[in-house]
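I have placed the structure first, in the form of structure tokens, so that the comments after it can refer back to it.
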Amino acid sequence: MVEYAHPPLPSVAHARRSTESTDTKIAIELPDEWSFMDLLNKTADVTRTKVQKAVVVLATQPILGSIRSKLGLVTQAFFAQRDFTKVEILDTLYENLENSVYSPYTDTILYAGISLRELIFKFRHKTLQLVKLLLLGKRVLFFGQKVERLSAYQYGLISLFPELLRHLEDVGSPALANLELKRRASRKVSLNSSARSMDLLRQHNSESHKTKMHKLGHPLRIFGEGAFFQPYIPLQQIDVIMSPETKSFLVGTSNAIFTHHKACNIDAVAYADNGNLEFINPQVAQLATLTAADRKFIDEIIKPVASTWTAEDDMTMNQQIEYEGSDEDIRSRFESYLTQLFASVKYDQDTPAVNQETGARKTDYLSEYHSPFVRAWETTPSFQIWSASVDRDALMMINPGHPNHGYSALGEMSTQLTARLTELGKNMTPIQSNLSRAFTTASTTVAASVSDAVTTMSDPAIQPNLQAAATQIFGNLSAWYTQRRKEWLPTQAPEIAVPVQETETDDGYNLVDTPGDQKMTPTGDEGRTAAPGEPKQHADVPSAAGDEHAAGP
């Protein structure tokens with residue numbers, strides 16, 4: 001319910017006519033909550049213990065930074081009065097905004113409060129994928145709990161498209177269809193044919209530059225009939241998303257019902273709290289694939305941003321002083337990316353596949369942007385409107401090709417390997433510190449122990465005790481070794497007498513029986529027992545005499 005408005009809101013009939021127009025209003029609000037007991041003037045409408053109020057500013061342009069800074073101070077002062085009937089301070093706010101913020105808005109005013117550095121730092125490579133999703137006219141949802149950052153990320157994403165942030169007149173509803181985007185400037189600017197490509201894209205913050213952008217086809221017609229943009233959409237408007245007339249959108253919410261409701265038919269969800277990008281539609285994920293040249297392009301943007309990043313609660317405070325890695329640098333690079341994409345598409349359309357005179361084939365510039373993505377973009381209403389409105393003579397001043405033309409897959413592998421090694425080095429740093437700390441502590445402890453031992457041994461009062469203890473230790477060791485040595489030495493085995501029994505056979509041989517064995521020995525002298533003093537003959541080995549006796553007749 002609106003309790004007070006300055007200037008007064010239009011009548012119902014005028015409001016109905018305004019609804020049918022093509023105007024979109026940007027609302028910036030700051031809410032607050034007070035206890036009923038703290039209010040000095042308790043009006044009749046205050047019926048609860050907690051009072052929730054909000055100060056809202058309606059604007060025709062998203063001049064977020066200029067309005068937010070003034071609105072924050074006024075809201076704090078307004079609620080500090082603890083009397084909601086005193087609205088003079090709100091009248092003062094309106095008059096101040098009227099005098100300080102007025103059209104035409106400069107880039108400084110328009111882009112204040114939008115941090116492209118934070119957008120790049122949060123979403124990294126996925127930032128370029130989000131740009132491609134908007135070009136394709138897909139259904140993109142930003143989800144997060146911090147509503148202010150949720151909206152800022154979306155405005156930052158839109159600001160990457162040249163001049164689009166200035167032309168949000170009919171983006172608030174899919175039913176709006178204002179095709180007049182004021183592309184043609186009132187005064188013409190000549191384009192010098194000698195100044196090609198990047199030279200035309202470096203003259204920022206000037207009317208001539210804006211005119212050149214219009215001639216090159218900017219801003220793109222991303223929103224309009226069937227496509228809308230709403231930085232924060234409440235649950236009460238979920239039917240707008242589910243409507244069959246809604247073809248594409250960019251919206252934000254903190255309600256998880258949007259992410260789970262299948263009827264919303266969302267293509268991708270960007271999580272503002274952690275920077276993840278989830279593709280609900282796998283076919284869309286294939287179209288938004290980044291090529292090696294795309295990755296090189298976004299890597300060159302991420303590197304200076306990440307190397308100069310410092311965490312700040314206020315996103316407007318984290319601005320880079322140097323040009324490289326600044327918001328203006330990021331915006332300029334995406335401007336070049338899109339404009340050279342336009343030139344590459346025009347070259348592909350106007351150049352025959354094979355030159356009839358030289359036989360040379362035309363250069364394939366579109367593959368570096370991902371050919372399926374380009375072919376899909378050529379089927380969108382955004383492309384059709386751009387193709388019908390672009391000044392082709394102006395577009396001829398831009399060299400076709402990717403900003404990182406010629407970057408190969410091998411270079412991409414090298415970049416990824418370098419990034420992983422760098423990340424590995426960051427992960428190893430805490431381990432190396434812990435190991436170094438552990439070694440330092442251990443060496444200090446050992447050195448202290450050795451020093452204490454040397455000091456103790458050098459004390460004359462303790463030396464006799466140490467000598468007695470050493471003597472006792474060596475004595476015990478000697479006794480133990482002597483006892484063990486007796487147990488370890490082998491003992492001599494006793495002789496075992498084996499009884500021998502002889503049995504004479506018919507052939508003149510004796511069978512010598514021993515336990516477990518039988519042997520034959522010849523009879524006669526060879527088999528007798530040796531007399532005292534004679535050498536003994538082994539029982540089973542015949543002597544020479546035995547051999548001769550056996551060999552005789």
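The values are calculated or read from the model by the stated rules, or taken from the named source; none is laboratory data. From a predicted model like this one, the values you see are computed outputs, not experimental measurements. Reconstructed Cβ throughout: ideal geometry from the backbone, glycine too, with neighbour counts over all protein chains shown. The protein model used for the area step is the full one, side chains on, heavy atoms only, and it has no ligands, DNA or RNA in it. Shrake-Rupley method; radii C 1.70, N 1.55, O 1.52, S 1.80 Å.
Here are the numbers:
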item	result
Any chance GLY359 is modelled with pLDDT of 90 or more and more than 25 Å from VAL147 (Cα to Cα)	no
Test: residue in the range 9-26 that is part of a loop (DSSP other than H, G, I, E, B), among the hydroxyl-bearing types (Ser, Thr, Tyr), over 38 Å from the mean Cα position of the chain (by Cα) and at pLDDT 80 or above	no
Residues being touching a Gly at 6+ places or on another chain (Cβ under 9 Å), surrounded by 18 or more Cβ atoms within 10 Å (Cβ to Cβ) and either at pLDDT 95 or above or closer than 23 Å to PHE142 by Cα (or both) - total across the range 272-292	1
Answer from VAL74, VAL55 - the residue that is part of a helix (DSSP H, G or I) and at pLDDT 85 or above	VAL74
When residues of the range 282-306 are limited to those that are touching a residue at least 40 places away in the same chain (Cβ under 8 Å) and polar (S, T, N, Q), the one farthest from GLU368 (Cα to Cα)	GLN286
Residue that is least open to solvent (accessible area, probe 1.4 Å) [pool: residues in the range 228-265 that are charged (D, E, K, R) and free of Cβ contacts under 8 Å to residues at least 60 places away in the same chain]	ASP239
Subset tally (residues that are surrounded by 10 or more Cβ atoms within 10 Å (Cβ to Cβ), outside any helix (DSSP H, G or I) and either of a type in the set (A, V, I, L, M) or at pLDDT 75 or above (or both)) for the range 468-506	1
Where ILE301 falls short, out of the listed (1) at pLDDT 95 or above; (2) open to solvent by 80 Å² or more (accessible area, probe 1.4 Å)	(2)
Test: residue in the range 114-124 that is modelled with pLDDT of 95 or more, more than 21 Å from LEU64 (Cα to Cα) and surrounded by 15 or more Cβ atoms within 10 Å (Cβ to Cβ)	yes
Flag if PHE79 is at pLDDT 80 or above and not charged (D, E, K, R)	yes
Qualifying residue in the range 67-88 (condition: open to solvent by less than 30 Å² (accessible area, probe 1.4 Å), closer than 30 Å to ARG221 by Cα and of a type in the set (A, V, I, L, M, F, W, C))	yes
Single residue of LEU40, LEU64, LEU93, LEU73 found to be under 30 Å from TYR323 (Cα atoms) and not acidic (Asp, Glu)	LEU64
Elements of type helices (runs of 4 or more DSSP H) in the range 324-411, at least 3 residues being crowded, with 19+ Cβ neighbours inside 10 Å	327-350, 371-377, 381-389
Residue satisfying all of: in the range 94-128; outside any loop (DSSP other than H, G, I, E, B) and among the β-branched types (Val, Ile, Thr); farthest from ILE302 (Cα to Cα) among these	ILE109
Those residues of the range 36-52 which are assigned to a loop (DSSP other than H, G, I, E, B) and β-branched (Val, Ile, Thr), in sequence order	THR43, VAL46, THR47, THR49
